[in-house]
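What follows is one structure encoded as structure tokens, with my remarks underneath.
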Amino acid sequence: MRQSHLFTKTRREAPSDEVSKNSQLLIRAGFIQKMGAGVYSFLPLGLRVLNKIEQIIREEMNAIGGQELQLAALQEKSLWEKTNRWDDAVVDNWFKTTLKNGNEMGLGFTHEEPLTNLMRDHIRSFRDLPIYTYQFQTKFRNETRAKSGILRGREFLMKDLYSFSRDEKEHEAFYEKSKIAYANVFKRAGIADRTFITFASGGSFSKYSHEYQMLTDAGEDIIYYNKEKNVAVNKEVYTDEVLAEMGLKKSDMTEGKAVEVGNIFSLGTKFSEPLELSFKDETGKNIPVIMGSYGIGIPRLMGAIVETMPTDKEIVWPKNVSPFAVHIIAMKIEGPVMEAAEKLYKELTEKNVEVLLDDRDLRAGEKFGDADLIGIPLRIILGEKSLAAGKYEFKDRITNKEELFDKDELMAYIEKHNV
RNA sequence: CGGGGCGUAGUGUAACGGUUAACAUUCCUGUUUUGGGAACAGGCGACUCAGGGUUCGAAUCCCUGCGCCCCGACCA
């Protein structure tokens with residue numbers, strides 16, 4: 001992609017009503033635009049990051065047997081009445097709307113009900129199970145208070161997987177697999193070192209649920225974590241009893257603020273019973289399906305990554321989620337420098353490396369400033385002097401190492417680090 | 001939903017109740033520049049969130065509405 005054609009614009013200052021680090025940086029870098037409180041649009045750069053994260057999750061969900069589908073966003077009232085989740089007194093964050101014919105519908109804030117209902121058409125026999133389905137879909141939540149930029153929106157993309165199992169044992173086996181998949185997601189997204197699987201309250205069908213909490217002051221949750229054992233306990237269930245059960249000692253736990261970037265939840269028969277989702281076992285007996293739900297908020301994860309930046313001046317994306325793999329900055333937009341830049345751009349692109357080529361007729365400072373803000377981790381600067389010596393100025397912004405590579409070294413490094 | 005704060009060019013700020021609403025930046029033109037947001041000159045851009053009211057006179061004071069931010073509550 002040539003930067004001269006990229007639909008984006010950086011700005012020097014963030015709007016005064018943006019306070020959170022993630023929204024300030026992302027707006028200044030031209031990744032997102034604000035529609036209203038808790039409602040953001042994604043521009044090309046932002047969408048690329050979103051898509052990167054989405055693809056990582058997709059691969060990990062597929063790896064544990066997940067099958068992607070997409071449910072409707074509009075929700076039918078009667079379905080939700082069966083589980084007693086239509087009433088505003090029970091669920092206060094509905095967006096509801098009225099059809100021309102007077103019927104009420106809601107915009108889905110989650111999808112247990114419609115998917116459970118859908119499964120009734122497909123699950124008859126024990127032979128039809130287990131099933132693991134997921135989707136990437138926009139959720140609507142009428143938050144009383146949207147806050148923290150894209151960490152808590154009223155409309156946001158979410159990956160939600162739902163598992164349908166024959167019994168507890170089968171459910172548990174998948175639940176454990178999902179933990180591995182989630183660990184992989186956060187590792188690939190570059191936040192594994194500060195993200196903890198966290199025990200949280202479980203609801204009526206399991207003692208605990210598991211949250212994935214990433215340490216950041218921008219978070220809303222308080223957790224107690226143990227870095228060595230790589231686990232944490234949410235404050236809401238942080239008792240001597242729970243700690244003892246988990247073999248943890250209070251003295252080994254550190255308190256921290258964190259944001260919930262994902263969760264997994266055993267649902268038991270909470271939805272299958274009221275919605276009458278059951279199957280016939282080998283003896284012909286009707287058995288309610290055991291369910292689980294597994295969520296990750298995509299923009300929230302994106303925002304959480306930005307919150308980990310050490311300053312509010314620039315972004316450095318983890319390699320796997322960066323909008324582009326390599327940023328080539330041409331110091332001249334004509335002559336041998338530009339020719340070399342075009343050639344390198346072409347060669348890398350042919351090797352399926354995603355390259356952003358800054359071919360804009362701007363001064364160096366401006367180009368560097370934009371590049372710092374946009375956050376592509378690998379940077380190649382093509383300048384007259386170094387190029388005359390056959391060298392490419394290379395910087396890995398993650399390790400903060402700068403090198404003078406010749407062409408072969410450069411290509412080898414990028415090939416090795418391309419994702 | 002309770003409490004607090006705030007709405008002025010695209011953005012960030014200024015303007016005692018008193019000219020034509022100012023400055024910076026962005027943007028446009030030109031000249032000179034060209035390795036960390038360059039210099040100079042010129043120019044575009046705001047019925048000051050909306051609607052009422054007070055006043056000779058309102059961006060400024062009052063009321064209502066809408067919007068935004070923060071703290072708290074809430075977070076299936």
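The numbers here are math on the coordinates, done by the rules we state, and not lab data. From a predicted model like this one, the values you see are computed outputs, not experimental measurements. A quick note on method: Cβ atoms are made from the backbone with ideal geometry, for glycine too, and the neighbour counts reach across all protein chains shown.
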Any residue at all in segment A:157-164 that is away from RNA strand B (no atom under 16 Å from the Cβ) and over 20 Å from A:Ile53 (Cα atoms)?
yes
- Does A:Phe164 fit the bill of being touching an Asp or Glu at 6+ places or on another chain (Cβ under 9 Å), buried (at least 22 other Cβ atoms within 10 Å of the Cβ) and not in a loop (DSSP other than H, G, I, E, B)? yes
Scanning segment A:219-230 for residues that are over 7 Å from A:Ala258 (Cα atoms) and assigned to a strand (DSSP E or B), the one nearest to RNA strand B (Cβ to nearest atom) turns out to be A:Tyr224
Taking segment A:311-344 and keeping residues surrounded by fewer than 22 Cβ atoms within 10 Å (Cβ to Cβ) and more than 15 Å from RNA strand B (Cβ to nearest atom) leaves A:Pro318, A:Lys319, A:Asn320, A:Ala325, A:Glu342, A:Lys343
Those residues of segment A:181-218 that are within 15 Å of A:Pro318 (Cβ to Cβ) and either part of a helix (DSSP H, G or I) or of a type in the set (Gly, Ala, Ser) (or both) come to a total of 10
Within segment A:207-265, residues being within 18 Å of A:Lys179 (Cα to Cα), in contact with an Asp or Glu (Cβ under 6 Å, 6 or more places away or on another chain) and not polar (S, T, N, Q) number 2
The one condition A:Asn117 fails out of (1) under 30 Å from A:Phe324 (Cβ atoms); (2) touching a helix residue (DSSP H, G or I) at 6+ places or on another chain (Cβ under 6 Å); (3) of a type in the set (S, T, N, Q) is (1)
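Identify, please: which residue in segment A:122-140 is hydroxyl-bearing (Ser, Thr, Tyr) and closer than 21 Å to A:Leu69 by Cα and is, among those, farthest from RNA strand B (Cβ to nearest atom)?
That would be A:Tyr132.
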Of the residues in segment A:187-212 that are of a type in the set (S, T, N, Q) and in contact (Cβ under 8 Å) with a residue 60 or more places away in the chain, the one that is surrounded by the fewest Cβ atoms within 10 Å (Cβ to Cβ) is A:Ser204
How many residues of segment A:231-251 are charged (D, E, K, R), out of contact with any helix residue (DSSP H, G or I) (no Cβ under 9 Å at 6 or more places or on another chain) and more than 16 Å from RNA strand B (Cβ to nearest atom)? The answer is 2
In the set A:Ile296, A:Ile287, A:Ile305, the lone residue that is in a helix (DSSP H, G or I) and closer than 28 Å to A:Lys177 by Cβ is A:Ile305
In segment A:24-49, anything more than 16 Å from RNA strand B (Cβ to nearest atom) and either touching a Pro at 6+ places or on another chain (Cβ under 7 Å) or of a type in the set (D, E, K, R) (or both) is listed as A:Arg48, A:Val49
Considering only segment A:18-33, I want to know if a residue exists there that is among the small types (Gly, Ala, Ser), under 30 Å from A:Glu342 (Cβ atoms) and over 24 Å from the mean Cα position of the chain (by Cα).
no
Can you find a residue that is farther than 21 Å from A:Asn62 by Cβ and surrounded by fewer than 18 Cβ atoms within 10 Å (Cβ to Cβ) anywhere in segment A:176-185? no
The correct count of residues that are over 31 Å from the mean Cα position of the chain (by Cα) and surrounded by 14 or more Cβ atoms within 10 Å (Cβ to Cβ) in segment A:232-272 is 0
When segment A:141-153 is checked residue by residue, the ones that are more than 8 Å from RNA strand B (Cβ to nearest atom) and surrounded by fewer than 21 Cβ atoms within 10 Å (Cβ to Cβ) are A:Asn142
Subject >> Test: A:Glu113 is among the charged types (D, E, K, R), in contact (Cβ under 8 Å) with a residue 12 or more places away in the chain and crowded, with 18+ Cβ neighbours inside 10 Å >> reply: yes
If we ask which residues in segment A:311-326 are part of a helix (DSSP H, G or I), charged (D, E, K, R) and over 17 Å from A:Lys416 (Cβ atoms), their number turns out to be 0
